[in-house]
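S.K.: Handing you this structure, nothing more for now.
Values in this text are rule-based calculations from the coordinates and carry no lab data. Not measured: the values here are computed from a predicted model. Ideal geometry is used to build each Cβ from the backbone, glycine not excepted, and the neighbour counts take in all protein chains shown.
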Amino acid sequence: MSLDCNKVETIEDVTSGWSYLDAIGLGDRDNTLVACGQDTDSNGYNELKDKYNKYYSHYPEKDIAKAMCECCKEKNSGGIARYSSGTQWEQFYNCLESKGFKKK
């Protein structure tokens, strides 16, 4: 499925664009990785929604969801994952900031 970020309205729209099952966590390393498809159907936890609630709830969800979608596409095409320094989350936050969204 090719997700059209311009049609995204919720963070759940973003997570539904990827097939993901987190049956077994990766321990300490898991916290550094961005799982764009992790939602409540996979293990009861929606990773992107959690970050929205913690850091970005001062923006309308529709706006941040579109930006998250775009950053997830960049990540999954190798953009974020190939950076040599920082965690994927740091790079993801930088991607969101480059689109005008700053953490609170």
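S.K.: Work out how much length Thr32 to Asn53 would gain on full extension: take 0.36 nm times their residue separation and subtract the Cα-Cα distance, in nm to one decimal.
M.R.: Extra length from Thr32 to Asn53 when fully extended: 5.7 nm.
S.K.: All other residues with a Cβ under 10 Å from the Cβ of His58 taken together, and with Lys, Arg as +1 and Asp, Glu as -1, what is their net charge?
M.R.: That works out to +3.
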